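Okay, so here's the structure we're looking at.
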Amino acid sequence: LEASINEESKTHISGMRRSKAWAENQHIYFDTKFSVPFEKAEYRKNATGTTLGIFHFHVTKGQRILVSTGISNVDEKGALQNREAEIPEYKDFNTIHNAGKAEWNKELIKIQIEPNKINGGNTDNIDQVITFYTALYHACIHPSLASDYDGRYRGRDNKIHNTESKFDYYSVFSLWDTYRGLHPLLSIIDQKRTNDFINTFLCQYQQGGLLPVWELASNETNCMIGYHCVPVIWDAVNKGIHDFDMKLALEAMLASANQNQKGLEEYRKDGFVHSETEHESVSKTMEYSYDDWCIARMAERIDRKSTRLNSSHANISY
(Lines give C-alpha, C1' and ligand atoms only; values in the text may rest on other atoms or scores of the structure.)
Protein backbone atom coordinates (compact mmCIF):
# COMPACT_ATOMS: atom_id res chain seq x y z
CA LEU A 1 0.00 0.00 0.00
CA GLU A 2 2.87 2.35 0.74
CA ALA A 3 6.57 2.27 1.52
CA SER A 4 9.43 4.66 2.17
CA ILE A 5 13.19 4.62 2.66
CA ASN A 6 15.16 7.25 4.56
CA GLU A 7 18.89 7.71 3.96
CA GLU A 8 20.17 8.62 7.43
CA SER A 9 23.82 8.33 6.36
CA LYS A 10 25.95 6.24 4.02
CA THR A 11 25.91 3.45 6.61
CA HIS A 12 22.41 3.88 8.01
CA ILE A 13 18.94 3.65 6.43
CA SER A 14 15.43 3.37 7.83
CA GLY A 15 11.95 3.07 6.43
CA MET A 16 8.59 1.35 6.44
CA ARG A 17 6.15 -0.77 4.48
CA ARG A 18 2.39 -0.98 4.86
CA SER A 19 0.72 -3.88 3.08
CA LYS A 20 -2.61 -5.58 2.57
CA ALA A 21 -2.89 -9.35 2.23
CA TRP A 22 -3.74 -11.85 4.96
CA ALA A 23 -3.64 -8.89 7.33
CA GLU A 24 -5.69 -6.01 5.92
CA ASN A 25 -3.43 -3.28 7.30
CA GLN A 26 0.03 -4.50 8.27
CA HIS A 27 2.69 -2.01 9.35
CA ILE A 28 6.38 -2.91 9.40
CA TYR A 29 9.21 -0.46 10.08
CA PHE A 30 12.93 -1.11 9.82
CA ASP A 31 16.26 0.40 10.82
CA THR A 32 19.42 -0.91 9.14
CA LYS A 33 23.14 -0.27 9.52
CA PHE A 34 25.91 -1.38 7.19
CA SER A 35 29.44 -2.04 8.40
CA VAL A 36 30.85 -0.19 5.38
CA PRO A 37 29.37 2.84 3.61
CA PHE A 38 27.53 2.40 0.34
CA GLU A 39 28.82 4.37 -2.65
CA LYS A 40 25.44 5.22 -4.10
CA ALA A 41 21.77 4.44 -3.71
CA GLU A 42 19.07 4.07 -6.35
CA TYR A 43 15.41 4.56 -5.57
CA ARG A 44 12.84 3.15 -7.95
CA LYS A 45 9.10 2.66 -8.07
CA ASN A 46 7.62 -0.72 -8.83
CA ALA A 47 4.32 -1.37 -10.63
CA THR A 48 2.29 -0.43 -7.53
CA GLY A 49 4.24 2.77 -6.92
CA THR A 50 6.15 1.34 -3.97
CA THR A 51 9.68 2.67 -3.42
CA LEU A 52 12.51 0.19 -3.79
CA GLY A 53 16.05 0.86 -2.66
CA ILE A 54 19.16 -0.56 -4.34
CA PHE A 55 22.48 0.09 -2.60
CA HIS A 56 25.88 -0.21 -4.27
CA PHE A 57 29.05 -1.02 -2.34
CA HIS A 58 32.70 -1.13 -3.35
CA VAL A 59 34.55 -3.88 -1.49
CA THR A 60 37.85 -5.63 -1.92
CA LYS A 61 38.05 -9.35 -2.56
CA GLY A 62 37.11 -11.29 0.58
CA GLN A 63 35.76 -8.23 2.40
CA ARG A 64 32.44 -8.76 4.15
CA ILE A 65 29.57 -6.37 4.64
CA LEU A 66 27.74 -6.87 7.91
CA VAL A 67 24.10 -5.78 7.84
CA SER A 68 22.27 -5.21 11.13
CA THR A 69 18.50 -4.70 10.98
CA GLY A 70 15.84 -4.04 13.60
CA ILE A 71 12.11 -4.19 12.92
CA SER A 72 9.01 -2.79 14.61
CA ASN A 73 5.26 -2.65 14.09
CA VAL A 74 5.21 0.84 15.66
CA ASP A 75 7.69 3.19 13.94
CA GLU A 76 11.30 3.65 12.80
CA LYS A 77 12.30 4.77 16.29
CA GLY A 78 11.08 1.45 17.66
CA ALA A 79 13.05 -0.44 15.01
CA LEU A 80 16.20 1.53 15.94
CA GLN A 81 15.75 0.85 19.65
CA ASN A 82 15.12 -2.84 19.03
CA ARG A 83 18.25 -3.14 16.90
CA GLU A 84 20.44 -1.30 19.38
CA ALA A 85 19.06 -3.33 22.29
CA GLU A 86 19.71 -6.69 20.66
CA ILE A 87 22.91 -5.89 18.73
CA PRO A 88 24.37 -2.78 20.39
CA GLU A 89 27.58 -2.88 18.34
CA TYR A 90 28.91 -4.68 15.31
CA LYS A 91 29.95 -8.25 15.94
CA ASP A 92 31.05 -10.91 13.54
CA PHE A 93 28.41 -13.21 12.11
CA ASN A 94 29.55 -16.24 14.11
CA THR A 95 29.09 -14.39 17.40
CA ILE A 96 25.48 -13.58 16.57
CA HIS A 97 24.93 -17.06 15.19
CA ASN A 98 26.26 -18.72 18.34
CA ALA A 99 24.19 -16.44 20.57
CA GLY A 100 21.10 -17.46 18.60
CA LYS A 101 21.95 -21.15 18.96
CA ALA A 102 22.37 -20.69 22.72
CA GLU A 103 18.93 -19.05 22.99
CA TRP A 104 17.31 -21.86 21.03
CA ASN A 105 19.06 -24.50 23.11
CA LYS A 106 17.49 -22.97 26.23
CA GLU A 107 14.09 -23.62 24.66
CA LEU A 108 14.74 -27.06 23.19
CA ILE A 109 16.40 -28.47 26.31
CA LYS A 110 13.10 -28.12 28.17
CA ILE A 111 12.22 -31.55 26.77
CA GLN A 112 15.08 -34.04 26.77
CA ILE A 113 15.15 -37.25 24.77
CA GLU A 114 17.88 -39.84 25.16
CA PRO A 115 18.31 -41.68 21.85
CA ASN A 116 19.61 -44.85 23.46
CA LYS A 117 16.35 -45.27 25.37
CA ILE A 118 14.08 -45.20 22.32
CA ASN A 119 12.78 -48.50 20.98
CA GLY A 120 14.70 -50.62 23.44
CA GLY A 121 18.02 -48.90 22.92
CA ASN A 122 18.05 -49.03 19.14
CA THR A 123 20.52 -46.31 18.17
CA ASP A 124 19.32 -46.26 14.56
CA ASN A 125 16.45 -43.95 15.45
CA ILE A 126 18.41 -40.69 15.65
CA ASP A 127 16.18 -39.49 12.81
CA GLN A 128 13.22 -39.63 15.20
CA VAL A 129 15.08 -37.41 17.64
CA ILE A 130 15.94 -34.95 14.88
CA THR A 131 12.30 -34.93 13.74
CA PHE A 132 11.09 -34.32 17.30
CA TYR A 133 13.39 -31.36 17.98
CA THR A 134 12.68 -29.88 14.56
CA ALA A 135 8.97 -29.98 15.40
CA LEU A 136 9.63 -28.47 18.83
CA TYR A 137 11.63 -25.69 17.17
CA HIS A 138 8.71 -24.97 14.85
CA ALA A 139 6.33 -24.99 17.84
CA CYS A 140 8.29 -22.16 19.46
CA ILE A 141 8.34 -19.78 16.48
CA HIS A 142 4.75 -18.53 16.71
CA PRO A 143 3.03 -16.75 18.39
CA SER A 144 5.79 -14.18 17.97
CA LEU A 145 6.83 -11.14 19.97
CA ALA A 146 5.21 -7.96 18.61
CA SER A 147 5.98 -5.32 21.25
CA ASP A 148 9.09 -3.16 21.06
CA TYR A 149 11.98 -3.02 23.50
CA ASP A 150 10.31 -0.07 25.24
CA GLY A 151 6.97 -1.91 25.54
CA ARG A 152 5.13 -0.09 22.74
CA TYR A 153 2.94 -2.01 20.31
CA ARG A 154 0.31 -1.39 17.66
CA GLY A 155 -3.07 -2.44 19.04
CA ARG A 156 -6.22 -3.82 17.45
CA ASP A 157 -7.50 -0.23 17.20
CA ASN A 158 -4.39 0.67 15.12
CA LYS A 159 -3.27 2.99 17.93
CA ILE A 160 0.05 2.77 19.76
CA HIS A 161 -0.12 1.39 23.29
CA ASN A 162 2.47 0.41 25.89
CA THR A 163 2.62 -2.69 28.07
CA GLU A 164 4.48 -0.63 30.71
CA SER A 165 6.79 -3.66 31.16
CA LYS A 166 3.93 -5.69 32.66
CA PHE A 167 4.00 -8.28 29.88
CA ASP A 168 5.16 -8.87 26.32
CA TYR A 169 2.63 -8.36 23.52
CA TYR A 170 2.41 -11.14 20.92
CA SER A 171 0.97 -11.68 17.45
CA VAL A 172 0.07 -14.52 15.07
CA PHE A 173 -2.71 -16.37 16.90
CA SER A 174 -4.04 -18.96 14.46
CA LEU A 175 -6.16 -20.35 17.26
CA TRP A 176 -8.24 -22.93 15.38
CA ASP A 177 -4.90 -24.51 14.40
CA THR A 178 -3.23 -24.26 17.79
CA TYR A 179 -5.70 -24.56 20.68
CA ARG A 180 -5.74 -28.39 20.60
CA GLY A 181 -2.00 -29.12 20.72
CA LEU A 182 0.37 -26.18 20.60
CA HIS A 183 -1.09 -24.09 23.42
CA PRO A 184 -1.48 -27.01 25.84
CA LEU A 185 2.20 -27.78 25.15
CA LEU A 186 3.32 -24.19 25.68
CA SER A 187 1.30 -23.96 28.90
CA ILE A 188 3.61 -26.69 30.22
CA ILE A 189 7.00 -25.67 28.81
CA ASP A 190 6.56 -21.87 28.62
CA GLN A 191 4.21 -20.57 31.27
CA LYS A 192 5.56 -17.02 31.12
CA ARG A 193 4.76 -16.67 27.43
CA THR A 194 1.38 -18.33 27.96
CA ASN A 195 0.48 -15.69 30.53
CA ASP A 196 1.66 -12.99 28.11
CA PHE A 197 -0.54 -14.50 25.38
CA ILE A 198 -3.61 -14.13 27.57
CA ASN A 199 -2.77 -10.56 28.55
CA THR A 200 -2.44 -9.90 24.82
CA PHE A 201 -5.86 -11.47 24.23
CA LEU A 202 -7.41 -9.19 26.84
CA CYS A 203 -5.80 -6.08 25.36
CA GLN A 204 -7.19 -7.03 21.97
CA TYR A 205 -10.62 -7.57 23.52
CA GLN A 206 -10.52 -4.12 25.13
CA GLN A 207 -9.30 -2.46 21.93
CA GLY A 208 -11.38 -4.38 19.39
CA GLY A 209 -14.42 -5.66 21.28
CA LEU A 210 -13.69 -9.38 20.89
CA LEU A 211 -11.04 -11.93 21.68
CA PRO A 212 -8.90 -12.80 18.65
CA VAL A 213 -10.03 -15.57 16.30
CA TRP A 214 -7.13 -15.67 13.81
CA GLU A 215 -5.04 -12.56 14.49
CA LEU A 216 -2.05 -11.35 12.50
CA ALA A 217 -0.14 -8.10 13.09
CA SER A 218 -3.03 -6.78 15.24
CA ASN A 219 -5.46 -7.47 12.39
CA GLU A 220 -8.37 -9.89 12.73
CA THR A 221 -8.58 -12.19 9.70
CA ASN A 222 -11.67 -14.02 11.06
CA CYS A 223 -10.45 -17.26 9.55
CA MET A 224 -11.85 -20.63 10.71
CA ILE A 225 -14.57 -21.31 13.27
CA GLY A 226 -15.05 -21.34 17.02
CA TYR A 227 -13.81 -18.88 19.61
CA HIS A 228 -10.72 -20.75 20.66
CA CYS A 229 -9.08 -18.14 22.84
CA VAL A 230 -11.53 -19.58 25.37
CA PRO A 231 -9.92 -23.04 25.81
CA VAL A 232 -6.46 -21.48 25.78
CA ILE A 233 -7.44 -19.27 28.71
CA TRP A 234 -9.15 -22.06 30.62
CA ASP A 235 -6.29 -24.52 30.06
CA ALA A 236 -3.86 -21.95 31.46
CA VAL A 237 -6.03 -21.23 34.50
CA ASN A 238 -6.48 -24.95 35.10
CA LYS A 239 -2.68 -25.30 35.20
CA GLY A 240 -2.22 -22.43 37.66
CA ILE A 241 -1.37 -19.70 35.15
CA HIS A 242 -3.51 -16.69 36.05
CA ASP A 243 -1.46 -13.51 36.32
CA PHE A 244 -4.18 -11.56 34.52
CA ASP A 245 -7.63 -10.14 35.25
CA MET A 246 -9.75 -13.29 35.62
CA LYS A 247 -13.08 -11.43 35.68
CA LEU A 248 -12.17 -9.49 32.56
CA ALA A 249 -11.20 -12.80 30.93
CA LEU A 250 -14.62 -14.30 31.70
CA GLU A 251 -16.31 -11.17 30.38
CA ALA A 252 -14.30 -11.45 27.16
CA MET A 253 -15.06 -15.17 26.82
CA LEU A 254 -18.78 -14.49 27.10
CA ALA A 255 -18.56 -11.67 24.55
CA SER A 256 -17.17 -14.14 22.01
CA ALA A 257 -19.88 -16.71 22.81
CA ASN A 258 -22.66 -14.13 22.49
CA GLN A 259 -21.90 -13.06 18.91
CA ASN A 260 -24.57 -13.45 16.25
CA GLN A 261 -22.52 -14.88 13.41
CA LYS A 262 -21.49 -18.25 11.96
CA GLY A 263 -24.57 -19.99 13.36
CA LEU A 264 -24.11 -18.88 16.95
CA GLU A 265 -27.56 -17.33 17.31
CA GLU A 266 -29.43 -20.52 16.38
CA TYR A 267 -26.89 -22.60 18.34
CA ARG A 268 -27.78 -20.70 21.50
CA LYS A 269 -31.49 -20.92 20.69
CA ASP A 270 -31.73 -24.61 19.69
CA GLY A 271 -28.58 -26.13 21.15
CA PHE A 272 -27.05 -26.99 17.78
CA VAL A 273 -26.21 -25.44 14.40
CA HIS A 274 -28.62 -26.38 11.59
CA SER A 275 -27.07 -27.86 8.44
CA GLU A 276 -29.86 -26.32 6.37
CA THR A 277 -28.80 -22.78 7.24
CA GLU A 278 -25.09 -22.99 8.04
CA HIS A 279 -22.20 -24.89 6.47
CA GLU A 280 -19.77 -26.80 8.73
CA SER A 281 -22.71 -27.23 11.09
CA VAL A 282 -21.39 -30.31 12.90
CA SER A 283 -17.93 -28.86 13.41
CA LYS A 284 -19.38 -25.59 14.64
CA THR A 285 -21.74 -27.33 17.06
CA MET A 286 -18.90 -29.41 18.49
CA GLU A 287 -16.47 -26.54 18.80
CA TYR A 288 -18.98 -24.09 20.26
CA SER A 289 -20.01 -26.75 22.78
CA TYR A 290 -16.43 -27.35 23.86
CA ASP A 291 -15.68 -23.63 24.10
CA ASP A 292 -18.84 -23.11 26.18
CA TRP A 293 -17.85 -25.96 28.49
CA CYS A 294 -14.57 -24.11 29.07
CA ILE A 295 -16.51 -20.94 29.90
CA ALA A 296 -18.55 -22.92 32.43
CA ARG A 297 -15.40 -24.22 34.08
CA MET A 298 -13.96 -20.69 34.16
CA ALA A 299 -17.15 -19.37 35.77
CA GLU A 300 -16.97 -22.19 38.30
CA ARG A 301 -13.36 -21.34 39.14
CA ILE A 302 -14.20 -17.72 39.96
CA ASP A 303 -17.57 -18.65 41.55
CA ARG A 304 -19.90 -17.07 39.01
CA LYS A 305 -22.79 -19.56 39.18
CA SER A 306 -25.27 -17.22 37.51
CA THR A 307 -23.18 -16.72 34.38
CA ARG A 308 -25.35 -17.17 31.28
CA LEU A 309 -25.24 -16.78 27.57
CA ASN A 310 -27.71 -14.29 26.10
CA SER A 311 -30.30 -16.93 25.27
CA SER A 312 -33.33 -18.53 26.83
CA HIS A 313 -32.05 -21.95 25.75
CA ALA A 314 -28.30 -21.99 26.37
CA ASN A 315 -27.18 -21.82 29.98
CA ILE A 316 -23.56 -21.74 31.11
CA SER A 317 -23.94 -23.42 34.48
CA TYR A 318 -22.69 -26.42 36.42
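The values are calculated or read from the model by the stated rules, or taken from the named source; none is laboratory data. Just so it is clear, the model here is predicted, and its values are computed rather than measured. Cβ: placed from backbone, ideal geometry, glycine included. Neighbour counts: every protein chain shown. Side chains included, ligands, DNA and RNA excluded: accessible areas come from the protein's heavy atoms. Shrake-Rupley method; radii C 1.70, N 1.55, O 1.52, S 1.80 Å.
Highest mean first, what order results for 126-138, 51-63, 16-28 on Cβ atoms within 10 Å?
Numbers: 126-138: 12.2, 51-63: 10.5, 16-28: 14.8.
Going by the mean number of other Cβ atoms within 10 Å, highest first, we get 16-28, 126-138, 51-63.
Which whole-number percentage describes the relative contact order of the chain, with Cα contacts under 8 Å and a sequence gap of 6 or more?
Values: 501 pairs, mean separation 34.9, N = 318.
Once normalised by length, the contact order is 11 percent.
Decide, for region 23-95, between rounded, prolate and oblate: order the square roots of the alpha carbon gyration tensor eigenvalues as a ≥ b ≥ c, take rounded if a/c falls under 1.5, and otherwise choose prolate if a/b is larger than b/c, else oblate.
Values: a/c = 2.75, a/b = 1.18, b/c = 2.32.
The shape class here is oblate.
Relative to the compact globular guide of 2.2 N^0.38 Å, what is the alpha carbon radius of gyration of the chain, as a ratio?
1.21
I'd like the Karplus ³J(HN,Hα) series for region 91-108: coefficients 6.51, -1.76, 1.60, θ = phi - 60°, whole numbers in Hz, and an x wherever there's a Gly or Pro.
10, 6, 4, 4, 5, 5, 4, 5, 5, x, 4, 5, 5, 5, 5, 4, 6, 6
Calculate one ³J(HN,Hα) per residue across region 26-35 by plugging θ = phi - 60° into the Karplus curve 6.51 cos²θ - 1.76 cosθ + 1.60, and present them in order as whole Hz with x for glycine and proline.
Listing the rounded values in order: 9, 9, 9, 10, 9, 9, 10, 10, 10, 6 Hz.
Check which residues have an amide H placed less than 5 Å from Glu8's amide H, if you skip close sequence neighbours.
Residues meeting the criterion, in which the H sits 1.01 Å from N, are Ile13, Ser14.
Across region 1-129, what fraction of all alpha-carbon pairs, as a whole percent, falls in each successive 10 Å bin from zero upward?
Whole-percent P(r) values from 0 Å outward: 10, 27, 27, 17, 13, 6, 0.
Run the helix sum for the chain: -39,500 (n - 2.57) per DSSP H stretch of 4+ residues, divided by residue count, reported at 222 nm to the nearest 500 deg cm²/dmol. Could the numbers behind the result be given before it?
Working: 10 runs with 121 residues, N = 318.
When only DSSP H runs of four or more count, the value is -12000 deg cm²/dmol.
Can you flag which of Lys20/Lys159; Lys166/Lys247; Lys33/Lys61; Lys77/Lys247 are past 25 Å Cα-Cα?
Numbers: Lys20/Lys159 18 Å; Lys166/Lys247 18 Å; Lys33/Lys61 21 Å; Lys77/Lys247 36 Å.
Result: Lys77/Lys247 exceed 25 Å.
Between region 174-189 and region 236-311, what's the alpha-carbon centroid distance in Å?
With region 174-189 and region 236-311 each reduced to a Cα centre, they are spaced 18 Å.
When the accessible area of the chain is split by element with a 1.4 Å probe, what percent falls to carbon and sulfur? Walk me through the intermediate numbers first.
Working: 8830 of 17380 Å².
The computed percentage sits at 51.
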